[in-house]
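Values quoted throughout were computed directly from the atomic coordinates according to the rules given, and no laboratory measurement underlies them. These numbers come from a predicted model, not from an experiment. Neighbour counts are summed over all protein chains in view; Cβ atoms, including those assigned to glycine, are modelled from backbone coordinates with ideal geometry.
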Amino acid sequence: MTISKMSPQRSAWMKVARWSTILLTFLIFPAVLPGSPFSSRANDGKATSPAWSGLLGSMEQMHAAMMSVKPSGDSDLDFVRLMLPHHQAAIDMAKTQLLYGKDPQMRRLAQEIITDQQSEIELMQLWLQQHEPQQPQPGLHTSKEQ
């Protein structure tokens, strides 16, 4: 199938797959490792800029959110649940770039990331609504329980 014949939904899922590579990078090289280049004091023990702190804060929130996801046994569901905080972190980091970045090309890229990632978040949230197991409401019994 050529890209021009690809459905918009399939194209969006291909973007998700592409970004999953970045997800793996963040999981393999977490920012919390001592001596990591992502450490908030990686600059010879000196405090870093607000921009760097903002980027790290986004990553730390992402790691915490991703680590709180419990495996469901459904790889599609787990993938989407993990990708949501990953995409939100990309948006947050891009917003930090717009606050502190000066290079016009990087600022355009940051804006594109915000737009693309938000669209993909909406797609994943819609998918979750259609595929996530329904939680029984307290006080209500299904026919199998009675």
Checklist outcome for this item: In this structure, the FRET efficiency calculated for E60 and Q129 from their beta-carbon separation, with R0 = 30 Å, to the nearest 0.05, is 0.60
Checklist outcome for this item: Which residues qualify? For E132, with a placed amide H closer than 5 Å and at least 5 residues away or on another chain, they are none
Next on the checklist: Run the numbers for S49 and E122: contour at 0.36 nm per residue of separation, minus the present Cα-Cα distance, in nm.
Outcome noted: 23.1 nm
Checklist outcome for this item: Measuring from its Cα centre, region 44-117 shows a charge dipole (+1 at each Lys and Arg Cβ, -1 at each Asp and Glu Cβ) which, in debye to the nearest 20, is 300 debye
Item to check | FRET efficiency for D74 and K95, using Cβ-Cβ distance with R0 set to 30 Å, rounded to 0.05 | outcome: 0.40
